[in-house]
Amino acid sequence: MKVTITVNGTKHESDVEPRQLLVQYVRETLGLTGTNIGCDTSSCGACSLHVNGESVKSCTMLAVQADGCDITTIEGLANGDQLHPMQQAFMENHGLQCGYCTPGMVMASISLLKENPNPTEEEVRVGLEGNLCRCTGYHNIVKSVLAAANGNK
């Protein structure tokens, strides 16, 4: 099937298998490997990206479902050498260890702040419960999100 998908501001026309997952399209067809494949069951959130501005676990969506959509991956957040404020907050607050979950956490955190620009610690923890991290214990991830939120004031 032929799809037209705008990814990180660039329009892509591709032939895809009807069963190809969006995460596979982004990684294998477009070569954008920042979006990780974690569990293939939508449990971990490592594959989170934005579809039309909303955080989506891309292992739960087919590439054909994204036809005509605007997608942002972790690679599309920075503006040249200038990191997105959420990326900067994760870096400054040590919101990562191995880094495998980080792209999905960053993407989900940006969506969280779009919905709730001034969350409490508890609201951040609840808002990110669909994204799993096996390394950090979440303390510095939550601290990073709150720092990014405070930077929005």
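The values are calculated or read from the model by the stated rules, or taken from the named source; none is laboratory data. What you are looking at is a predicted structure, and each value in this text was computed from that prediction instead of being measured. Methodologically, a virtual Cβ is constructed for each residue, glycine included, from the backbone with ideal geometry; neighbour enumeration extends over all protein chains shown.
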The strands (runs of 3 or more DSSP E) lying entirely within segment 22-96 that contain at least 1 residues which are crowded, with 17+ Cβ neighbours inside 10 Å and free of Cβ contacts under 8 Å to residues at least 60 places away in the same chain are 48-51, 54-57
Do we find that residue 99 is surrounded by fewer than 16 Cβ atoms within 10 Å (Cβ to Cβ) and touching a residue at least 24 places away in the same chain (Cβ under 8 Å) in this structure? no
Test result for residue 135, farther than 16 Å from residue 77 by Cβ, surrounded by fewer than 20 Cβ atoms within 10 Å (Cβ to Cβ) and either touching a Gly at 6+ places or on another chain (Cβ under 9 Å) or at pLDDT 95 or above (or both): yes
Taking the residues in segment 7-21 that are of a type in the set (Val, Ile, Thr) and surrounded by 15 or more Cβ atoms within 10 Å (Cβ to Cβ) as candidates, determine which candidate is farthest from residue 75 (Cα to Cα). 16
With the structure loaded, tell me whether residue 42 is in contact with a Cys (Cβ under 7 Å, 6 or more places away or on another chain) and either under 20 Å from residue 149 (Cα atoms) or at pLDDT below 95 (or both) or whether it fails that test. yes
Here the residues within segment 32-75 that are farther than 18 Å from residue 111 by Cα and of a type in the set (Val, Ile, Thr) are 33, 37, 41, 64
Which residues, taken from segment 129-152, are in contact (Cβ under 8 Å) with a residue 24 or more places away in the chain and not small (Gly, Ala, Ser)? 131, 132, 133, 134, 135, 136, 140, 141, 143, 145, 146, 152
Mind checking which residues of segment 107-153 are charged (D, E, K, R) and part of a helix (DSSP H, G or I)? 114, 115, 121, 122, 123, 125, 143
